[in-house]
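Written below as structure tokens is the structure these notes are about.
The values are calculated or read from the model by the stated rules, or taken from the named source; none is laboratory data. Please read these numbers as outputs of a predicted model, since none were measured by experiment. Ideal geometry is used to build each Cβ from the backbone, glycine not excepted, and the neighbour counts take in all protein chains shown.
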Amino acid sequence: MQTHLEVIICYDVSVTRRRTKLFKRLKAFGLTDIQKSIFWGRLLPAEILAVRRVFDELLDKETDKAFILNTHLAEQIKDRSFGMNPQFFEEKEYDVI
């Protein structure tokens, strides 16, 4: 069984249409937008590769920027944040139907 990795994804996309498409695609991965261009969540390694393919598909290499950062934000949020609810970052259990 593969384990999920906690990630932060940040981007700066110049064209509104591409930015909107990227936003919707990241939401489809189950990621949560914590600011306009910053997403947080847990992904499988294969899903991280899929996000990279989305970057290749949607982003302009000359004008747009994006990165995926492995993180342990859920562990650090209580001591290193302001205005963020730590419960937001807790891992949730789901039943598979």
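Residues that are surrounded by 13 or more Cβ atoms within 10 Å (Cβ to Cβ) and small (Gly, Ala, Ser) within region 31-49 comprise Ser37, Gly41, listed in sequence order. Taking the conditions (1) at pLDDT 95 or above; (2) surrounded by 10 or more Cβ atoms within 10 Å (Cβ to Cβ) in turn, Arg17 satisfies each one other than (2).
Looking only at region 1-14, filter to residues that are at pLDDT below 95 and farther than 19 Å from His72 by Cα; which one of those is surrounded by the most Cβ atoms within 10 Å (Cβ to Cβ)? Checked region 1-14; the qualifying residue surrounded by the most Cβ atoms within 10 Å (Cβ to Cβ) is Ser14. Of all residues in region 51-68, which are within 18 Å of Glu6 (Cβ to Cβ) and surrounded by 13 or more Cβ atoms within 10 Å (Cβ to Cβ)? Selection gives Val51, Ala66, Ile68.
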